[in-house]
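The values are calculated or read from the model by the stated rules, or taken from the named source; none is laboratory data. Just so we're clear, the structure is a prediction, and the values are computed from it rather than from any experiment. As a convention, Cβ positions derive from the backbone with ideal geometry for all residues, glycine included, and neighbour counts pool all protein chains shown. Just the protein is used for accessible areas: all its heavy atoms, side chains included, with ligands, DNA and RNA removed. Shrake-Rupley method; radii C 1.70, N 1.55, O 1.52, S 1.80 Å.
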Amino acid sequence: MIVLGLTGSIGMGKSTTAEMFEAEGVPVHSADAAVHRLYAGRAAPLIEAAFPGTVEAGIVDRARLGTAVVGRPEEMRRLEAIIHPLVREEEAAFIEAARTSGASLAVLDIPLLYETGGEKRCDRVAVVTAPASIQRERVLARPGMTAEKFEAILASQIPDEGKRRRADYVIDTSRGLDAARDEVSSIMKDLLGR
């Protein structure tokens, strides 16, 4: 089974691209979705212990947690030390299930793939990209997003250019959904020979 890492900076269209792989029948593990599950489950008490006041009714309040860690590298590292191992456990279970099911390709949708060394767990990497102006427009349109928050998130990510340089495949989402779907199909053909 081939494991394809799918990554891209905030606002590049990575989640939409992951859905395109899923629509083609490829199993996809979303690190973000795993974090959401963990924030409502076994990570919540660990995060509350490290960041008191960030959990309400057993669920991590993302806004409160964001206030505690965004723009604070040391605090972000503390949070990552809690959440990353739990996400990797879920990822390993996903890979095993995909192998057992006979999948020929599986996608690991990981926003911080390069930042966390996740490319080492992948056979190939696809980076989702768009021009900086489109990225900024997409991100600032999100509820609760501010220019300051956006800049802090960007500062924690490898720049888009660096990700593109390291990638085996680049998917440009600025040209529309059909063009992105064509690029996904092309990657699948290259990887699977069909």
Based on what the data block shows, is residue 12 touching a Lys or Arg at 6+ places or on another chain (Cβ under 9 Å), in a helix (DSSP H, G or I) and either farther than 30 Å from residue 100 by Cβ or in contact (Cβ under 8 Å) with a residue 24 or more places away in the chain (or both)? no
Which residue is nearest to residue 111 (Cα to Cα), if the candidates are limited to region 1-59 and must be among the basic types (Lys, Arg) and surrounded by fewer than 22 Cβ atoms within 10 Å (Cβ to Cβ)? 37
Condition check for residue 68: open to solvent by less than 60 Å² (accessible area, probe 1.4 Å), touching a Pro at 6+ places or on another chain (Cβ under 8 Å) and closer than 26 Å to residue 139 by Cβ: no
Number of positions in region 100-137 that are under 18 Å from residue 30 (Cβ atoms) and in a helix (DSSP H, G or I): 3
Hey, can you tell me all the residues within region 81-102 that are open to solvent by 50 Å² or more (accessible area, probe 1.4 Å) and either in contact with a Leu (Cβ under 7 Å, 6 or more places away or on another chain) or at negative phi (or both)? 81, 85, 88, 89, 92, 93, 96, 97, 99, 100, 101
For region 141-185, name all the residues that are assigned to a loop (DSSP other than H, G, I, E, B) and over 16 Å from the mean Cα position of the chain (by Cα). 141, 142, 143, 144, 145, 146, 168, 176
Residue in region 109-123 that is among the aliphatic types (A, V, I, L, M), open to solvent by less than 50 Å² (accessible area, probe 1.4 Å), at pLDDT 90 or above and more than 15 Å from the chain's Cα centre (by Cα) present: no
If you check every pair at least six apart or on different chains, which have Cβ atoms under 7 Å apart with a residue in region 145-156 that is more than 13 Å from residue 9 (Cβ to Cβ) first and a residue that is part of a loop (DSSP other than H, G, I, E, B) and modelled with pLDDT of 85 or more second? none
Checking residue 45 against (1) within 17 Å of residue 93 (Cα to Cα); (2) at pLDDT 95 or above; (3) of a type outside the set (A, V, I, L, M, F, W, C); (4) assigned to a helix (DSSP H, G or I): exactly one of these is not met. Which one? (1)
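Restricting to region 106-134, give me the number of residues that are in contact (Cβ under 8 Å) with a residue 24 or more places away in the chain and on the phi > 0 side of the Ramachandran plot. Outline the logic, then answer.
So in region 106-134, the residues in contact (Cβ under 8 Å) with a residue 24 or more places away in the chain come out as 106-116, 118-119, 121-132, 134.
Now drop any that are not on the phi > 0 side of the Ramachandran plot, which leaves none.
Counting residues in region 106-134 that are in contact (Cβ under 8 Å) with a residue 24 or more places away in the chain and on the phi > 0 side of the Ramachandran plot gives 0.
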